[in-house]
Each structure stands twice: as C-alpha cells, then as structure tokens.
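Q: Take a look at the following structure, please.
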Amino acid sequence: MKKLLKVFLAVVITAAVLYLFVLFAPVKAVERLRNLWIETAMTTGEHQWLATYLFPAALIDDVMSRQVNPEVISNPELIDIPKPGGDAVAAEPTPYESNDGSLSLYDELGNEIIVDDRDQDIRIVEVKTAEYVGHLLFVSDPGRIAVATTDKKDVKGAFIKNLAAQVDGIAAINANAFVDDGGSGSGGQIIGWTVSEGEEWGGITERGTYTSMGFDYDGKLIVGNISDFGKYNIKELVQYQPAMIADGKQLVSGSAGWGIHPRTAVGQKADGTVILAVIDGRQPGYSLGTTIGELADLLFAYGCVNAAACDGGSSSILYYNGDIIGTPSTPLKETGRYLPNAIVVKKKQTLTDY
C-alpha cells in the first residue's frame with residue numbers, strides 16, 4: 001500500500017510540476033503551444049471546457065484578447081472580370097511525371113489536380129502538408145455563384161447536396177454558422193445574415209456584426225463588415241469571420257487567435273475566379289486542421305485579392321457532383337451536418353443540355 005501511495009504521489013507531483021511549467025514557464029515555444037491550445041478550445045461551440053478547466057480565466061481572457069478580426073470593407077473596383085468572348089485563356093494543367101513513372105497532373109503550386117472538369121469549368125486541387133489535407137475548388141465565372149438557404153428557416157437546416165440541388169448546383173461549401181447548443185443544432189437558426197437572390201435572412205445579430213462575403217450583381221466579391229447590403233448592390237451573401245485578405249493585402253498570419261480547426265473559406269482573384277476552400281481536420285493521422293493564417297497564406301499564394309472564412313469545425317464540407325470531397329470531421333461523413341445555407345456553384349449549360 002505504501003508503495004502504491006508513493007507512486008500516486010509521484011504522479012501527482014509530476015503532473016503539478018508540468019502544469020505549473022506550462023502555466024508559467026517563460027519559454028516561447030511552450031507559451032505558443034499553450035496559447036494555441038486555449039485558442040482552439042475557446043473557438044469551439046462545445047469544447048471550451050478544455051481551456052476553462054485547465055487555465056485561469058485571466059490567462060484565457062488575455063490570450064483571447066489578442067484575436068485578430070479586421071474591420072475592413074474591400075473595394076470591388078479592384079476586381080476586373082473579363083467580358084464574355086474576351087481574350088482570357090484558362091491556365092492549362094502541367095503534366096508531371098511521378099517517381100514511379102506514371103503521369104499525374106499538378107498545378108502551378110505543385111498541388112495535385114483531382115478534378116479537371118472542362119465541361120463545367122471546375123478544377124479541384126488537393127493540398128497536403130504534414131498538418132492537414134484540404135481541397136480548393138476553382139470556377140472562373142463568378143456569375144455562377146449562388147447562395148442556397150434551407151426551406152425550413154428557423155426550424156431545420158438541410159444537407160449540402162440538397163442545398164446545391166435547390167439552385168441546380170454542381171458544387172457547394174458550407175457558409176454561415178448556426179445555433180448549435182451542445183453540438184446538436186439542427187441548422188435551422190442561422191447566425192449572422194445571408195442573402196440569396198437579393199432575399200435576406202438573419203435577425204439574431206446586427207447586420208455588420210460578422211464579416212460579410214457578398215457577391216454583387218457584377219460577380220465581384222466584397223468582404224468586410226457590411227451593414228447596408230443595398231449600398232453594395234449585394235445579390236448573394238454569407239457571413240462568418242474573420243476577413244483574411246482584402247484589396248490584395250493579407251490581414252492575418254499564424255493562428256491570429258483562432259486556433260487550429262477544420263476550415264472553410266471563399267476567395268476571389270483579380271480576374272474574377274472564385275476559390276472555394278475546405279480544410280479537413282480533427283482527425284489525427286489524416287488531418288489536424290489549420291490556422292486561419294495558414295489558410296490565408298494558401299489563398300494568397302493562389303492569387304486571391306479578397307477572402308474570408310466561413311463557419312468551420314464539424315460543419316466544414318465540400319460537395320461536388322454527387323460526392324463529398326475529402327473527409328469532414330462530423331460523424332455524418334456521407335451527408336455532412338444540417339446547414340442553414342451554402343455557397344453553391346450552379347451547373348454550366350453545355351451542348352448536351354439542349
């Protein structure tokens with residue numbers, strides 16, 4: 001019994017020393033990991049206890065007070081969308097010979113092109129790093145972007161494939177957050193505001209509370225704290241946070257106070273090309289997720305001049321042509337969660353449609 005007691009005391013003392021070390025050690029690497037842990041926990045809907053049970057409220061408040069959430073409204077005049085029939089030519093994929101001698105296709109940043117749908121003008125690339133796996137969908141015509149909303153507003157959301165089908169869409173990503181008490185929200189009560197074909201839905205918060213990602217009637221993406229949708233001629237809009245890139249300037253770096261999570265984002269290049277990004281996460285051995293700064297780095301590298309984050313976590317999902325691309329962190333991997341709305345790429349009319 002005495003031996004067991006000594007072992008127990010040794011474990012308790014070791015744990016206490018390690019805890020105090022993490023809490024007070026003036027070591028930058030330890031401080032960064034501790035803060036990242038706090039940020040990650042505190043930016044979830046149901047796992048904040050992972051921080052509040054371990055760390056003093058004053059420390060948590062100090063860490064979260066450094067969260068970056070830029071207040072900005074991008075200038076749509078900086079987007080120059082080519083007119084139909086112009087001279088713009090889509091970049092061709094570059095053949096790449098892999099180590100085993102087989103040919104695969106990689107894009108200009110060395111990421112594998114897993115979908116190259118010329119008929120639908122859609123390209124999807126897979127991005128793999130040591131920390132995460134993600135997918136970026138490119139569509140050159142922003143006029144095909146629509147926002148679909150659940151037909152049971154304030155009651156129940158819809159699966160992403162059904163949201164896409166509402167507007168004859170071929171691809172979609174999740175958009176706004178929703179009331180999700182205990183992680184069991186049905187997606188019906190939207191957080192922030194959304195606009196679909198000019199029709200607005202919201203009400204829980206003021207219009208300018210969250211960062212808007214709004215497409216005007218010219219197909220130009222405007223990001224920022226927009227409160228007057230009419231002033232910016234908004235046709236389709238979703239909201240979350242934060243803004244990551246505006247007017248060609250990257251606004252966030254590192255964790256920026258947002259931790260590591262699965263993430264969804266939308267961005268636009270200067271020529272109007274829209275990029276829909278989804279990073280998988282919370283799955284050790286496959287993909288942990290990414291920081292908001294790393295996702296901004298990626299979108300900036302692909303030429304986005306405006307970009308902002310949609311809801312993330314277990315809601316992050318990319319749908320394309322009947323399939324879920326990647327592996328979302330929700331247990332509902334075949335369908336994703338019930339969502340209040342989605343950013344959708346409408347199908348392109350082809351000769352076979354006539």
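Read the figures in this text as sums done on the coordinates, not as results from a lab. Please read these numbers as outputs of a predicted model, since none were measured by experiment. Because the Cβ atoms are built from the backbone with ideal geometry, glycine has one as well, and the counts that use them run over all protein chains shown.
Q: Can you find, among Val127, Gln250, Pro284, the residue farthest towards the positive end of the dipole of the chain? Put +1 on the C-beta of Lys and Arg, -1 on that of Asp and Glu.
A: Selected residue: Pro284.
Q: Another one. Tell me which aspartates and glutamates have Cα within less than 16 Å of Lys128's Cα, excluding those fewer than 8 residues away on the same chain?
A: Straight-line reach from Lys128, under 16 Å: Asp107, Glu108, Glu112, Asp280, Glu294, Asp297.
Q: With the contact rule set at Cα under 8 Å and sequence spacing of 6 or more, what percent relative contact order holds for the chain?
A: Details: 813 pairs, mean separation 76.8, N = 354.
Contact order relative to length: 22 percent.
Q: Going down the table (Lys220/Lys346; Lys156/Lys235; Lys83/Lys220; Lys161/Lys333), which pairs top 18 Å between alpha carbons? Don't jump to the answer; show the numbers that get you there.
A: Details: Lys220/Lys346 16 Å; Lys156/Lys235 24 Å; Lys83/Lys220 13 Å; Lys161/Lys333 12 Å.
Listed pairs above 18 Å: Lys156/Lys235.
Q: Rank the residues His135, His261 as a footprinting-exposure proxy: fewest other Cβ atoms within 10 Å of their Cβ go first. If you can, show how the numbers build up before the last one.
A: Numbers: His135 21, His261 25.
Ordered by Cβ neighbours within 10 Å, fewest first: His135, His261.
Q: Relative contact order for segment 162-240: what is it in percent, counting Cα pairs under 8 Å that are at least 6 residues apart?
A: The normalised contact order for segment 162-240 reaches 28 percent.
Q: Mean Kyte-Doolittle hydropathy of 0.0 or higher plus an axial Cα length of 15 Å or more: which whole DSSP H helices in the chain meet both? Spell out each step's value before the answer.
A: Details: long enough: 2-24 (32 Å, 2.10); 28-42 (21 Å, -0.21).
Correct list, ordered by number: 2-24.
Q: As a footprinting exposure proxy, order Tyr240, Tyr106 by other Cβ within 10 Å, with the fewest listed first. Can you show the working numbers first?
A: Details: Tyr240 23, Tyr106 15.
So the residues, fewest neighbours to most, are Tyr106, Tyr240.
Q: To the nearest 20 debye, what charge dipole does the chain have about its Cα centre, counting +1 at the Cβ of each Lys and Arg and -1 at the Cβ of each Asp and Glu? Could the numbers behind the result be given before it?
A: On the way: 29 positive and 44 negative charges, 316 e Å.
Rounded to the nearest 20 debye, it is 1520 debye.
Q: With unit charges on the beta carbons (Lys and Arg positive, Asp and Glu negative) and the dipole taken about the Cα centre of the chain, which residue among Cys310, Gly110, Gly182 sits farthest to the positive side?
A: Gly182
Q: Let me ask another. Cut-off is 10 Å between beta-carbons; in what order do Val266, Val63 appear when sorted fewest neighbours first? Walk me through the numbers before you get to the answer.
A: Details: Val266 27, Val63 20.
Arranged by neighbour count, lowest to highest, Val266, Val63 become Val63, Val266.
Q: Right, here's the next one. Could you work out the Kirkwood radius for the chain, taking every pair of different alpha carbons, averaging 1/r and inverting it, reported in Å?
A: With all distinct Cα pairs of the chain included, I get 21.4 Å.
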